[in-house]
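What follows is a set of notes on a single structure, which appears directly below.
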Amino acid sequence: MIFKKAILASIALATLSTYSLSVNARDNIEIVGSSTVFPFATVVAETFGNKTGMPTPKIEATGTGGGMKLFCKGHGLDTPDVTNASRRIKKSEFDLCQKNGVKNITEVLVGFDGIAIANELNGPDFNSLTLRSLYLGLAAKVPASVKGGSDLEMINNPFKNWSEIDSKLPNVAIKVLGPPPTSGTRDALQELGIEGGCKTFPQMKAMKKTDSKLYKTLCRTVREDGHYVEMGENDNLIISKLTNEPTTLGVFGFSFLDQNSDKVKGSNIDGNPITFENIATGAYPVSRPLYFYVKNDHRDSIKGLNQFINEFVSDDAMGEEGYLLDKGLIPAPEEEHAKTVNNARNAVPLQL
Amino acid sequence: MNNKDIVKASLKKRYAKEKRFKLYGIVSITLSFLFLAFLLADITGKSLPAFTQTYVKLEIDFSHKNLKLKEKASYSEDELFKASYRTLASKALYQLFPDIKSRKDKKTLRGMVSVGAQYELRDMVIDNPNLIGTKKEILVLADDDLDSFHKGIIDRSIPEELRRVKDKQVSWIDKLEADGRIVTRFNLRFLTSGDSREPELAGIWGALKGSFYTMVITLLLSFPIGVAAAVYLEEFAPKNNKFIDLIEVNINNLAAVPSIVFGILGLAIYINLFGMPRSAPLVAGMVVFLMTLPKIIIPTRASIKSVPPSIREAALGVGASKMQVIFHHVLPLAMPGILTGSIIGMAQALGESAPLLMIGMVAFVADIPQSFMDPATVLPVQIFIWSDSPERAFIALTSAAIVVLLIFLFLMNFLAIILRKKFETRW
């Protein structure tokens with residue numbers, strides 16, 4: 001009977017799967033973490049696989065936080081070897097790692113990613129955008145002083161038009177398409193863009209020292225009255241939407257701007273155009289570091305892990321003419337890069 | 001006014017009502033048809049560029065010097081693997097453009113062929129070591145920028161500073177084209193290779209195979225268990241039993257549970273509790289199985305129920321046991337319905353991505369999975385990953401992958417219709 005066979009087959013399968021559970025050896029490198037580092041890590045993985053003939057590392061895009069959780073779960077071979085991050089590891093995550101026996105990790109600075117504030121190519125010009133106007137345009141609450149109120153009072157963001165904030169900005173309604181809170185790009189927009197503008201108010205800067213918690217809430221919370229529209233994590237979607245709405249601004253990573261320079265234009269911020277050089281030197285203010293973290297205990301037991309790390313920090317990849325740069329990565333300054341390469345090659349453990 | 005007049009007076013209104021209703025129906029059908037047609041036309045139109053691939057015809061010099069190999073009679077595969085192929089295509093390009101001297105221009109020039117070209121040449125030499133020491137015209141894979149430009153995705157009429165392909169490159173491409181060195185071929189690689197970060201190298205075979213392994217597990221688990229559960233509930237379970245009623249309600253509820261919930265369940269049970277590996281088709285199949293199970297049980301029960309009692313009674317009447325009644329008569333008659341239900345359940349499972357996000361299937365997997373335990377991804381997830389890649393050429397690949405997925409779904413639904421038509425019995 002066909003049913004008997006099918007039932008037997010599924011029993012056999014179930015046994016097989018329980019059997020395979022106990023075997024944990026794996027011959028491929030496992031990587032998790034940030035979806036911003038994903039496009040870079042995958043190129044390195046592919047090149048590594050092609051060059052060495054070893055299995056290509058498997059890379060999951062779990063987001064920075066999700067990656068840290070998986071990475072710090074334990075030091076066994078059933079946990080990932082590397083996690084990518086679009087920000088530095090947090091103290092709490094580091095402690096979690098230590099607690100779970102992941103004691104020896106190395107931090108590698110991959111480079112930087114710029115965050116573009118862009119609109120349609122033929123749309124109005126937003127080049128007079130400053131961090132301060134970004135803050136006034138996007139924060140949920142702003143100091144009442146901007147509308148003639150007192151310095152110490154905070155009011156709900158009253159601005160509806162960019163030109164109300166700064167007469168040099170175009171007279172169009174504030175509408176910004178950007179990523180949701182789960183995204184690292186959003187974190188950077190909040191911490192570098194909005195908070196950066198918030199700090200330009202002396203009373204807010206003073207608050208950082210007196211009440212840092214309130215400061216963070218006030219300076220990082222994005223308005224939710226429809227002027228900032230969450231678009232999901234798909235940057236291509238934001239760009240296609242921008243092409244239909246010339247006066248709308250979009251927030252996305254530099255590599256997407258680089259690939260779509262015929263559709264959208266990035267705005268200057270504080271007078272600094274978003275260029276490769278300005279991001280690398282830090283002149284363009286909204287950029288963030290990209291890292292990956294390696295479990296050094298896995299270097300001996302996972303075949304090829306050392307070679308993979310070496311490939312990642314090699315000149316072929318990260319160097320001046322490296323293939324990562326072709327993909328839109330902005331390299332770290334030379335001095336830091338040299339330190340990174342040394343750390344990566346010699347498995348220098350991270351101390352926090 | 002008598003009844004006849006009343007009817008007559010309202011008659012016009014009633015006819016008009018009917019006409020209006022018919023019109024609404026036609027409008028809705030036309031609208032949904034238009035939406036569907038628009039969707040299909042849009043996706044197919046966008047996918048077309050992905051099915052062709054641009055190549056540059058180059059005379060590759062496989063000399064010992066270029067390959068950095070010592071001259072000898074034969075080479076081991078390892079030696080051939082380690083030989084130098086990186087410069088072969090670039091050298092051929094430099095020869096075509098002898099005037100290009102500056103380092104930067106040279107870099108741009110060699111960037112016109114795919115970074116995958118060197119590995120392709122390597123495989124070519126390993127397959128046929130006789131190439132060593134000869135010169136041969138070879139179609140070398142073009143980079144995605146050249147490819148997009150050639151296909152017109154990158155428009156040459158827009159100003160240079162906004163264009164990814166600069167004027168200098170355009171003039172080179174024009175020269176190559178004039179020499180007949182730019183060739184377009186069917187993009188077989190799209191159907192035969194795994195994922196890649198280079199659009200010109202990326203293919204869906206890895207994802208298709210991942211989907212296949214996942215579906216095998218799902219089918220092996222959900223079909224026997226689903227049918228057995230349905231047979232028990234329909235034929236053996238005590239009627240009017242509170243516990244059985246509870247199970248029935250729950251099966252119907254399960255069919256309506258959002259699929260992401262099964263993903264979370266799979267993460268908690270299979271991966272965290274049983275310690276199974278992430279990204280494995282086995283786990284994916286077991287998660288999708290949970291989702292598919294109620295979708296198989298419900299139509300199976302319906303088709304068992306629709307077998308007329310007279311068949312059962314007749315079989316019982318000539319002395320068949322209950323088992324014999326079920327396996328010899330009820331199930332064969334219910335089979336078309338069961339198969340249809342299962343195939344549609346499987347088709348839904350094939351297009352499912354949400355539960356797989358939780359168990360690590362959203363991953364870059366370049367190697368083709370060879371077993372149920374190898375890291376893999378599935379078609380819908382591959383579409384998701386490509387749609388989020390910055391390179392322009394991935395837009396076409398995304399649409400092409402959607403077309404492939406749709407073809408499979410159509411085929412499965414078509415199969416379900418054929419089975420139903422062929423084996424359907426009417427009473």
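The values are calculated or read from the model by the stated rules, or taken from the named source; none is laboratory data. Remember, it's a predicted structure, so these values are computed and weren't measured experimentally. Cβ: placed from backbone, ideal geometry, glycine included. Neighbour counts: every protein chain shown.
Structure notes:
- Once segment B:80-122 is narrowed to residues that are within 19 Å of B:Asp145 (Cβ to Cβ), in contact (Cβ under 8 Å) with a residue 40 or more places away in the chain and within 14 Å of chain A (Cβ to nearest Cβ), the residue that is surrounded by the most Cβ atoms within 10 Å (Cβ to Cβ) is B:Ser114.
- Subset tally (residues that are among the hydroxyl-bearing types (Ser, Thr, Tyr) and under 30 Å from B:Glu71 (Cβ atoms)) for segment B:125-165: 1
- Candidate set from segment B:22-47 (those that are of a type in the set (S, T, N, Q) and under 22 Å from the mean Cα position of the chain (by Cα)); member that is nearest to B:Phe394 (Cα to Cα): B:Ser47
- For segment A:278-352, the helices (runs of 4 or more DSSP H) that sit wholly inside it and include 3 or more residues that are farther than 28 Å from A:Gln190 by Cα and not assigned by TED's automatic domain parsing to the domain that holds A:Leu134 are A:298-301, A:305-313, A:315-318, A:334-346.
- Helices (runs of 4 or more DSSP H) lying entirely in segment A:22-99 (those with 1 or more residues that are facing another protein chain (nearest Cβ under 10 Å), of a type in the set (A, V, I, L, M, F, W, C) and buried (at least 17 other Cβ atoms within 10 Å of the Cβ)): A:38-52, A:64-71
- Residue in segment B:171-192 that is nearest to the chain's Cα centre (by Cα), counting only those that are surrounded by fewer than 18 Cβ atoms within 10 Å (Cβ to Cβ) and closer than 21 Å to B:Lys209 by Cα: B:Leu191
- Some residue of segment B:149-170 being surrounded by fewer than 17 Cβ atoms within 10 Å (Cβ to Cβ) and at pLDDT 90 or above: yes
- Candidate set: segment B:290-319, residues that are among the hydroxyl-bearing types (Ser, Thr, Tyr) and without any contact (Cβ under 8 Å) to a residue 40 or more places away in the chain; chosen: the one nearest to the other protein chains (Cβ to nearest Cβ): B:Ser303
- Given (1) at pLDDT 90 or above; (2) surrounded by fewer than 23 Cβ atoms within 10 Å (Cβ to Cβ), index of the condition A:Asp151 fails: (1)
- The residues of segment B:362-383 that are free of Cβ contacts under 8 Å to residues at least 60 places away in the same chain and within 9 Å of chain A (Cβ to nearest Cβ) amount to a single one, B:Val362.
- Scope segment B:135-165; condition within 11 Å of chain A (Cβ to nearest Cβ) and under 20 Å from B:Phe97 (Cα atoms); matching residues: B:Asp143, B:Asp145, B:Val165
- Any hit, segment B:239-254, residues being over 21 Å from B:Gly210 (Cβ atoms) and within 28 Å of the chain's Cα centre (by Cα): yes
- Of the residues contained in segment A:125-138, none is found to be among the basic types (Lys, Arg) and at pLDDT below 90.
- Options A:Phe112, A:Phe159, A:Phe201: the member that is under 30 Å from A:Lys339 (Cβ atoms), of a type in the set (Phe, Trp, Tyr) and surrounded by fewer than 23 Cβ atoms within 10 Å (Cβ to Cβ): A:Phe112
- Count of residues meeting criterion [out of contact with any helix residue (DSSP H, G or I) (no Cβ under 8 Å at 6 or more places or on another chain) and buried (at least 16 other Cβ atoms within 10 Å of the Cβ)] in segment A:327-352: 1
- Of the residues contained in segment B:120-135, one or more are found to be closer than 19 Å to B:Asp179 by Cβ and in the same structural domain as B:Val183 (by TED's automatic domain parsing).
- Total residues in segment B:243-289 satisfying the condition of being buried (at least 19 other Cβ atoms within 10 Å of the Cβ), within 14 Å of another protein chain (Cβ to nearest Cβ) and either aliphatic (A, V, I, L, M) or without any contact (Cβ under 8 Å) to a residue 40 or more places away in the chain (or both): the figure is 9.
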